[in-house]
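Below: one structure, written as structure tokens.
The values are calculated or read from the model by the stated rules, or taken from the named source; none is laboratory data. Just so it is clear, the structure is predicted and the values come from calculations on it, not from any experiment. Methodologically, a virtual Cβ is constructed for each residue, glycine included, from the backbone with ideal geometry; neighbour enumeration extends over all protein chains shown. What goes into the accessible areas is simple: the full protein's heavy atoms, side chains included, and nothing from ligands, DNA or RNA. Shrake-Rupley method; radii C 1.70, N 1.55, O 1.52, S 1.80 Å.
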Amino acid sequence: MAQGKLSPRQKMINLMYLVFIAMLALNMSKEVLSAFGLLDKKISDATVATNQRNTAFMESLATKASEQPEQFGPVKAKADQVSEISSTLNSYLESLKTGMMATVKADEQENYEVQDKPDFLDNLFFKGDKLKPEGQEFLDKINTYRTDMLAVLGNDYPDIKASIESNFSTEPVKRGDGVTVDWLNYHYEGFPLVASKTKLTSLQNDIQVTKNELLSKMLAGKTELMISATQYNTLLEQAKSAFYAGEPFDGGIVLGRKDPNTKPNRVELTLDGRPLTAEQYTIENGKVKLNISAGAAGDHKIEGNLIFTENGKDIEIPVSATFATITKPNSAVISADKMNVVYRGVDNPMTISIPGIPDNKVSASAEGLSKASGSKYVMRPGGGRTVSINARGTLPDGAAVNTTSEFRIKDIPRPVGTIRGETGEGACVRMQRQGLEIASVGAMLEDFDFDLSLGVTGFSFKVSGQPTVVVSGNKLNAQAKSALNRAKRGETVQIFDINAKISANSGYKLKKISPICVELTN
């Protein structure tokens with residue numbers, strides 16, 4: 001009889017079977033034969049029902065394995081092994097029963113009282129005190145079933161293993177009188193055909209019941225693993241990624257699955273409305289890992305569905321998540337409170353940002369202000385002595401931030417004249433006469449924050465005792481050289497009224513450029 005956890009119906013059938021065996025030992029009456037026939041029919045009906053459940057189970061498992069191969073593939077493979085082993089022995093037992101019933105007339109198939117002869121199995125299995133090849137084959141089939149099933153189970157399901165070892169044991173049996181008899185002789189030698197057939201039907205029932213219990217436990221074990229607390233981790237769910245000081249925090253702790261075998265059948269996601277390609281994500285450790293860059297500064301939205309196929313139907317798990325990208329700082333912001341200054345006539349580079357707000361959510365305005373890219377702006381001041389710059393931004397919660405800063409406007413400082421790159425500030429530049437003839441007159445801004453290129457367009461040249469010569473360009477002309485040739489050694493010449501322009505802004509009028517004096521050394 002089947003051991004382990006059995007249904008009440010199965011327990012009743014087994015109990016009836018034991019009662020009838022005891023009755024058979026006392027008196028093999030016609031009523032007992034009929035009782036065996038009825039019992040065989042009840043066990044057959046129970047076996048058919050169990051087999052139908054097993055078939056439905058295998059069909060369902062096949063569907064799950066095709067939909068989620070990583071999750072149910074191993075269970076399906078082991079279930080297929082169990083089905084094949086069970087089917088082999090069941091088919092063999094069914095062929096024995098078919099052979100037995102072929103010896104009964106067609107109109108007496110359900111007349112159990114005439115099925116009282118033991119000839120069929122006695123002639124098939126035994127020859128005197130020895131087994132015929134067919135008898136040994138019967139033992140080998142049962143032993144093979146038991147061995148193969150135990151091999152499939154391994155160290156799992158010890159209760160089912162114990163049931164198989166008991167129900168399909170072929171060890172010698174000790175009778176009530178203390179005599180030990182071979183298992184096949186004890187169970188099948190000399191028994192009426194209907195009794196032997198009932199025993200074979202009982203074995204078939206044990207096969208199906210064992211298969212049903214094993215498949216049920218295999219699936220239950222997988223389900224238990226899927227819902228086990230070890231398969232979860234914690235996630236912080238919040239409406240936004242950053243909060244401000246004093247603002248209420250609305251986040252919560254939720255559970256998330258991390259089962260590496262749980263993989264969606266399809267992934268349909270978009271990033272800012274653009275579909276993600278297969279190269280932009282990977283499925284690993286129970287999660288869809290995005291292989292994307294953070295993108296440009298601003299808010300980004302991931303939307304779509306993770307699609308799981310269950311029982312032939314697509315189940316869509318919606319995805320809606322946002323993340324913000326901010327410009328990576330590469331320096332500290334240090335400012336002198338009294339030095340908010342911009343210069344007229346040059347492009348003043350400026351950085352305008354609001355902490356915690358992406359650059360694409362910040363705008364700034366002022367007279368002469370234009371945006372370059374990101375948080376970078378350029379200020380070109382016009383008239384007046386001050387300019388106010390207004391910066392506006394929108395926080396993630398929709399609140400507006402509005403800030404105004406005032407900057408002083410200053411003119412470009414006074415340039416100094418140069419000859420041969422020397423300013424001569426505080427003293428005359430000492431040069432030979434020939435060097436001055438070919439030297440270039442220039443202008444420069446000393447200690448100025450902007451590197452401006454100044455081009456000299458003209459100047460005045462004065463040798464003591466001679467008329468002033470007005471020169472166009474940045475080198476002495478013939479008239480100036482003539483005056484220079486009449487100068488004496490050690491005499492000082494003057495270069496003044498120097499005119500220059502900013503190369504990148506010729507319309508700006510520079511302040512008067514300081515003059516240069518040159519002492520001739522020959």
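When the residues of segment 91-100 are filtered to those that are open to solvent by 60 Å² or more (accessible area, probe 1.4 Å) and of a type outside the set (Gly, Ala, Ser), which remaining residue is farthest from residue 204 (Cα to Cα)?
Taking segment 91-100 first, the residues open to solvent by 60 Å² or more (accessible area, probe 1.4 Å) are 91, 94-95, 98.
Filter once more, so that each one left must be of a type outside the set (Gly, Ala, Ser): 94, 98.
Values: 94: 8, 98: 14 Å.
The selected residue is 98.
Of the residues that make up segment 430-441, is at least one without any contact (Cβ under 8 Å) to a residue 60 or more places away in the chain, among the polar types (S, T, N, Q), in contact with a Ser or Thr (Cβ under 9 Å, 6 or more places away or on another chain) and under 29 Å from residue 343 (Cβ atoms)?
Within segment 430-441 (the criterion being without any contact (Cβ under 8 Å) to a residue 60 or more places away in the chain, among the polar types (S, T, N, Q), in contact with a Ser or Thr (Cβ under 9 Å, 6 or more places away or on another chain) and under 29 Å from residue 343 (Cβ atoms)), the answer is yes, since at least one residue qualifies.
Going by the conditions given, is residue 173 open to solvent by less than 70 Å² (accessible area, probe 1.4 Å), aliphatic (A, V, I, L, M) and either more than 28 Å from residue 35 (Cα to Cα) or out of contact with any strand residue (DSSP E or B) (no Cβ under 9 Å at 6 or more places or on another chain) (or both)? So that I can check it myself, show each step before the final result.
Details: open to solvent by less than 70 Å² (accessible area, probe 1.4 Å): yes; aliphatic (A, V, I, L, M): yes; either more than 28 Å from residue 35 (Cα to Cα) or out of contact with any strand residue (DSSP E or B) (no Cβ under 9 Å at 6 or more places or on another chain) (or both): no.
Answer is no for this residue.
Exactly one condition in (1) surrounded by 12 or more Cβ atoms within 10 Å (Cβ to Cβ); (2) modelled with pLDDT of 75 or more is not met by residue 265; state its number.
Here residue 265 clears every test but (2).
For the subset of segment 481-522 comprising residues that are over 18 Å from residue 443 (Cα atoms) and part of a loop (DSSP other than H, G, I, E, B), which member is least open to solvent (accessible area, probe 1.4 Å)? Write out each step before concluding.
Filtering segment 481-522 for residues over 18 Å from residue 443 (Cα atoms) gives 481-492, 519-522.
From what's left, part of a loop (DSSP other than H, G, I, E, B): 486-491, 521-522.
Working: 486: 140, 487: 8, 488: 149, 489: 186, 490: 43, 491: 41, 521: 40, 522: 56 Å².
Applying the filter and picking the extreme gives 487.
Test each condition in (1) modelled with pLDDT under 90; (2) under 30 Å from residue 379 (Cα atoms); (3) surrounded by 14 or more Cβ atoms within 10 Å (Cβ to Cβ) for residue 423 and report the one that comes out false.
Of the numbered conditions (1) modelled with pLDDT under 90; (2) under 30 Å from residue 379 (Cα atoms); (3) surrounded by 14 or more Cβ atoms within 10 Å (Cβ to Cβ), the odd one out for residue 423 is (2).
Please tell me if residue 271 is modelled with pLDDT of 70 or more, within 30 Å of residue 65 (Cα to Cα), within 15 Å of the chain's Cα centre (by Cα) and not polar (S, T, N, Q).
no
Could you tell me whether residue 452 is touching a helix residue (DSSP H, G or I) at 6+ places or on another chain (Cβ under 8 Å), in contact (Cβ under 8 Å) with a residue 24 or more places away in the chain and either more than 19 Å from residue 432 (Cβ to Cβ) or surrounded by 13 or more Cβ atoms within 10 Å (Cβ to Cβ) (or both)? Quick ask: steps written out before the conclusion?
Values: touching a helix residue (DSSP H, G or I) at 6+ places or on another chain (Cβ under 8 Å): no; in contact (Cβ under 8 Å) with a residue 24 or more places away in the chain: yes; either more than 19 Å from residue 432 (Cβ to Cβ) or surrounded by 13 or more Cβ atoms within 10 Å (Cβ to Cβ) (or both): yes.
In short, no.
Considering every residue within segment 73-90, establish whether at least one is surrounded by 13 or more Cβ atoms within 10 Å (Cβ to Cβ), touching a strand residue (DSSP E or B) at 6+ places or on another chain (Cβ under 9 Å) and in contact (Cβ under 8 Å) with a residue 60 or more places away in the chain.
no
Check every one of the strands (runs of 3 or more DSSP E) wholly within segment 358-468 and list those with 1 or more residues that are more than 60 Å from the chain's Cα centre (by Cα).
Values: elements: 362-365, 369-373, 376-379, 386-394, 400-410, 416-419, 429-431, 441-444, 454-463.
It comes to 416-419, 429-431, 441-444, 454-463.
Sort through 63, 50, 55 and tell me the only one that's modelled with pLDDT of 85 or more, surrounded by fewer than 17 Cβ atoms within 10 Å (Cβ to Cβ) and among the β-branched types (Val, Ile, Thr). Steps first, answer last, please.
Working: 63 fails: modelled with pLDDT of 85 or more; 50 fails: surrounded by fewer than 17 Cβ atoms within 10 Å (Cβ to Cβ).
Exactly one of 63, 50, 55 is modelled with pLDDT of 85 or more, surrounded by fewer than 17 Cβ atoms within 10 Å (Cβ to Cβ) and among the β-branched types (Val, Ile, Thr), namely 55.
Within segment 149-164, is there a residue that is open to solvent by less than 20 Å² (accessible area, probe 1.4 Å) and under 20 Å from residue 197 (Cα atoms)?
There is no residue in segment 149-164 that is open to solvent by less than 20 Å² (accessible area, probe 1.4 Å) and under 20 Å from residue 197 (Cα atoms).
From the list 209, 194, which residue is open to solvent by less than 50 Å² (accessible area, probe 1.4 Å), at pLDDT 90 or above and of a type in the set (Val, Ile, Thr)? Let's see the steps before the verdict.
Values: 194 fails: at pLDDT 90 or above.
That would be 209, the only listed residue that is open to solvent by less than 50 Å² (accessible area, probe 1.4 Å), at pLDDT 90 or above and of a type in the set (Val, Ile, Thr).
For segment 101-128, name all the residues that are charged (D, E, K, R), open to solvent by 80 Å² or more (accessible area, probe 1.4 Å) and farther than 16 Å from residue 191 by Cα.
105, 107, 110
Please go through segment 456-465 and pick out each residue that is at pLDDT 90 or above and open to solvent by 20 Å² or more (accessible area, probe 1.4 Å).
Just the residues of segment 456-465 that are at pLDDT 90 or above, to begin with: 456-463.
Once the filter is applied, which keeps residues that are at pLDDT 90 or above and open to solvent by 20 Å² or more (accessible area, probe 1.4 Å), segment 456-465 yields 456, 457, 462.
Kindly indicate whether any position in segment 92-100 is among the acidic types (Asp, Glu) and within 27 Å of residue 34 (Cα to Cα).
Looking only at segment 92-100, we keep the residues that are among the acidic types (Asp, Glu), and these are 94.
Narrowing the set further to residues that are within 27 Å of residue 34 (Cα to Cα) leaves 94.
Yes, some residue in segment 92-100 is among the acidic types (Asp, Glu) and within 27 Å of residue 34 (Cα to Cα).
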